[in-house]
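Worksheet: one structure, shown below.
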Amino acid sequence: MPGMVLFGRRWAIASDDLVFPGFLELFLRVLWWIGILTLYLRYRRKLDCVGGALLSNYLIVLMVLLAVIICTVSAIVCVSMKGTICNPAPRKSMSKLLYIRLALFLPEMVWASLGAAWVAHGVQCDKIVVNGIIATVVVSWIIIASTVVTIIIVFDPLGGKVAPYSSAGPCHLDSHDSSQLFNGLKTAATSVWETRINFLCCCIGKDDHTRVAFSSTAELFSTYFSDTDLVPSDIAAGLTLLHQQQDNTRIRQEPDAVISHSPGPSQDDLDAELENCHHYMQFAAAAYGWPLYIYRNPFTGLCKIGGDCCRNRIAEHDLVGGDGLRCHFGSILQTTGLQYRDFIHISFHDKVYELPFLVALDHQREAVVVSVRGTMSLQDILTDLSAESETLDVECEVQDCLAHKEYRLVIVGHSLGAGAAALLGIMLRSAYPQVRCYTFSPPRGLLSKSLHEYSKNFIVSLVLGMDVIPRLSVTNLEDLKKRLLRVVAHCNKPKYKILLHGCWYELFGGDPNNFPIELDGDNQGNLTQPLLGEQSLLAHGSPTYSSSDSPLDSPTKYPPLYPPGRIIYLEEEGPSGRFCCPASRYRAKWSHESEFSKILIAPKMLTDHMPDILMRALDIVVSDRAACVSCPVQGGATVDMA
């Protein structure tokens, strides 16, 4: 729901977000109250000492104050549990309760200060009593400090601009005012996001490329987030609902339903390309250097590359290009199985828009391999978040088209490196017609439709399970936002129940039919409360807002982009594995890009992108493919992955 308006400004917290914090505070306050009561009843006769009357009065007043606070917090929790995300009417008294609760901090701070002063002035009472008083003072200040930190976290820098319109609602603004409001909010949001990014990335240089990346990333974030009135917990609840809806839809589909596309490559071609992917994934992993190698080999990795880390081979480093390689070079040798003389160039120069890479001779496959590293630094993240597109000139003419005799050019990469490898392959295609690219977990938002079709001639992409990156593009993010707004707007259960059920569902699974939204139209009459509906969650005048029946039907302003090449999909069979049940079954098949046209929500949407997980899946698929050919499964081989 829209963020609460307190003290004339909007805050990044909703009136139904106080259930869990309230229960936590109640638990601590009740324990604290019981402890003080026990201390007073047990040692009140020992307060006949110098300053004992002050301590006795301090404990009595503190118990009364705690009782009032407990009652207030109980009321806040009860009110916060009412209504639904988009129906805050039952929670209309929340702002008054919060004003009362905040006002109680003043006497609590005063009393904690007095308690500290009395104890500091050398009260000559029983040591246990004095220590108990000191503990109550410390707890008081810890809770006060925690409250201050919470206020800082939920502070919305744009709250002062949004608040005047939050209570009136979007319908009270004409088109000119709403458009002016949205443009002003977007400009302010861009400035806020740029300040945040500068703070988070303060340790990297401030050259021209970095400043451009900061501005581009801030523009992307402000465009994506400034036209919705959601707080973080709404997004978490929406993602939980989308995952449940996604599983429910999958179960309802016919088991033998297959999306029909143009005939794809044969099974023999799939086996051959799987072998190639398995081979060249080692080069893609090697480009990450020693951190990934140590992560994959936590017990033996350091021993294997320790000699290279300590050895100073300046001449060799000069030969391969670059400096400070040492541990990196040792891990590259271990990962690829090549020898030192097989490397032409290695660079770990890492800047915004400049990625580390290596060039090596693969005598086994008679290829010159260029491997580009994926995301591993703040600079890489800024490169990832630069979502702007531009025309790519692939019709370049090169006079001296020379390559190693009989060795073909192969370009590989994982994640961000996969996107860079695909673009490099397209740019070099005219000069090196035999170039091949193997991209592992590439980003979706990379190529236009025509370039996507063109790249199928020489690029093969590999995608594992629920990996989010091959489904990630600005267009798909807009689609995710629209779907999230829709499920949130039509949810008919309180947010705390959604989050509790969602945590259980993500960890242990459950019945996706227990779906707390109504989208069929049968009970739409129950879903027409005052702030209910998608339009209440959108800023009037924003690009997502539309005057049509649903504001979510308006077209996106970003051009659709597609992944590179033909796609081999290691599809997980059965329900998506939970954290407590990591075993998975995968089926290798050729897939159409449309299968990755939506961002799917799953517990493994991030872990399936990790290069070590992908390498493990490839190892098992390739090693068992001979046995899997005879399995009665259409489209590929099925294997168990533990």
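Details
- Residue list for segment 588-615, filter: more than 15 Å from residue 570 (Cα to Cα) and not in a loop (DSSP other than H, G, I, E, B): 594
- One residue stands out among those in segment 74-86 that are out of contact with any Phe, Trp or Tyr (no Cβ under 9 Å at 6 or more places or on another chain) and of a type in the set (A, V, I, L, M, F, W, C): the one that is modelled with the lowest pLDDT, which is 86.
- Some residue of segment 409-429 being at pLDDT below 90 and either aromatic (Phe, Trp, Tyr) or in contact with a strand residue (DSSP E or B) (Cβ under 6 Å, 6 or more places away or on another chain) (or both): no
- Scope segment 481-507; condition open to solvent by 20 Å² or more (accessible area, probe 1.4 Å) and of a type in the set (A, V, I, L, M); matching residues: 499, 500, 507
- Of the residues in segment 119-128, none is modelled with pLDDT of 80 or more, over 21 Å from residue 6 (Cα atoms) and open to solvent by 20 Å² or more (accessible area, probe 1.4 Å).
- Against the criterion of being closer than 21 Å to residue 17 by Cβ and modelled with pLDDT of 70 or more, residue 270 does not qualify.
Each row is one residue, and each column tells you yes or no for (1) open to solvent by less than 30 Å² (accessible area, probe 1.4 Å); (2) closer than 13 Å to residue 425 by Cα.
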site	(1), (2)
448	no, no
453	no, no
456	no, yes
467	yes, no
472	no, no
476	yes, no
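- The strands (runs of 3 or more DSSP E) located wholly in segment 316-399 include none with 3 or more residues which are of a type in the set (S, T, N, Q), at pLDDT below 85 and open to solvent by less than 50 Å² (accessible area, probe 1.4 Å).
The values are calculated or read from the model by the stated rules, or taken from the named source; none is laboratory data. Computed from a predicted structure; not experimentally measured. Cβ atoms come from the backbone with ideal geometry, glycine included; neighbour counts cover every protein chain shown. Just so you know, the surface numbers come from the protein's heavy atoms only, side chains and all, with ligands and any DNA or RNA stripped out. Shrake-Rupley method; radii C 1.70, N 1.55, O 1.52, S 1.80 Å.
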